[in-house]
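Following: one structure in structure tokens, then a few remarks.
The values are calculated or read from the model by the stated rules, or taken from the named source; none is laboratory data. Every value quoted in this text rests on a predicted model; they were computed, and no experiment measured them. All Cβ positions, glycine included, derive from the backbone under ideal geometry; neighbour counts span all protein chains shown. Please note that ligands, DNA and RNA were not included when accessible areas were found on the heavy atoms of the full protein model with its side chains. Shrake-Rupley method; radii C 1.70, N 1.55, O 1.52, S 1.80 Å.
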Amino acid sequence: MREQAIRSTFPALDPVDFRLTSPQTPAYNCIAYAAGDHRRWWWPDPDGICYWPPGVQRTVRFQAFQHAFETLGYRLSSDESLVTGREKIAIFANGPEPTHAAKQLASGLWSSKLGRLEDISHNLLGVENQEYGELAFIMERTIRVTL
Amino acid sequence: MGEKAIPLIIGEISRQPDLLFGALSRITGENPVSKNAQGDVYAMVTAWIEWNRRRQK
């Protein structure tokens, strides 16, 4: 039932790649998830309700999102292909306003947290729709190994 | 609605945590959430519930 509802919200989802990969939780959002934080909401809201990296402008614009991920070591990337030793995130936008982030899995598929709902795996452009808009840019960094 | 909405909003975020904290701040003119708790939905809910308890005493 949930899968069906998500598929109808995101008609570009490839049915082969699409999977629900977590239960619903309000604990974190898509930006936090792409940043590796499963404990907080990341968003540059002017009221300071959500977490946003210190020193990064609180505006819903590309530059603010780029800077936020730069604080984690990501840099702009020219492609979305799977590269050994690199991890990538994708930012989606509706016009000039970023709306969503996804991260690449080791399989080459992508993974997203859908608002306060579930995590899913998907084809990169599968989350493009009227609300999330289109893929805006990709960022990448060297995979960090924690011992 | 203003003041009357406060217990309703706090009741709602207790049952189903959501980002209604901005509305609470604007209505009450207060923000009991510490900087460390920014974005932590459960910590923010707790802060507002405690704030409401103190207010009702």
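Worth pointing out:
- Amide H partners (placed H, <5 Å) of residue A:100, local residues excluded: A:92
- Cβ-derived FRET efficiency at R0 22 Å, residue A:61 paired with residue A:134, nearest 0.05: 0.90
- Residue-normalised convex hull volume from the C-alpha trace of the protein assembly as shown: 147 Å³ per residue.
- Mean accessible surface per residue for chain A, computed with a 1.4 Å probe while every protein chain stays in place, in Å²: 49
- Unit charges on C-beta of K, R, D, E only; dipole of the stretch A:56-147, Debye: 380
- When chain A is treated as a Gaussian network with alpha carbon springs shorter than 10 Å, the biggest mean-square fluctuation among A:57, A:66, A:130 belongs to A:130.
- Rounded to the nearest 20 debye, the dipole magnitude of the stretch A:1-114 is 200 debye, with +1 charges on Lys and Arg beta carbons, -1 on Asp and Glu beta carbons, and the Cα centre as origin.
- Value of relative contact order over chain B, rounded to a whole percent, pairs C-alpha under 8 Å and six or more apart: 35
- With DNA, RNA and ligands ignored, accessible area of residue A:132 (1.4 Å probe; Å², nearest 10): 20
- The protein assembly as shown, helix-only ellipticity at 222 nm - DSSP H runs n ≥ 4, -39,500 (n - 2.57), divided by all residues, nearest 500: -8000 deg cm²/dmol
- Close Lys-Lys pairs in the protein assembly as shown, where close means Cα under 26 Å and separation is 8 or more or interchain: 6
- Shielding value for B:37-46 is 6, the average number of Cβ atoms from other chains within 10 Å of each residue's Cβ.
- Over all directions, the projected convex hull of the C-alpha atoms in the stretch A:40-147 averages 7.4 nm² in area.
- Farthest towards the positive end of the charge dipole of the protein assembly as shown, among the residues A:136, B:45, A:28, is the Cα of B:45, using unit charges on the Cβ of Lys, Arg, Asp and Glu.
- Working note: Karplus 6.51/-1.76/1.60 with θ = phi - 60° gives the stretch A:81-91 the couplings 5, 6, 10, 4, x, 10, 10, 10, 10, 10, 10 Hz, where Gly and Pro are set to x.
- Shape box of the stretch A:1-64 [Cα atoms, principal axes, largest first, Å]: 41, 23, 19
- Computed from the alpha carbon atoms alone, the convex hull of the stretch A:25-94 holds 115 Å³ per residue.
- Volume per residue that the Cα convex hull of chain B spans, once the total is divided by residue count, Å³: 73
- Carbon plus sulfur fraction of accessible area for chain A, probe 1.4 Å, in percent: 54
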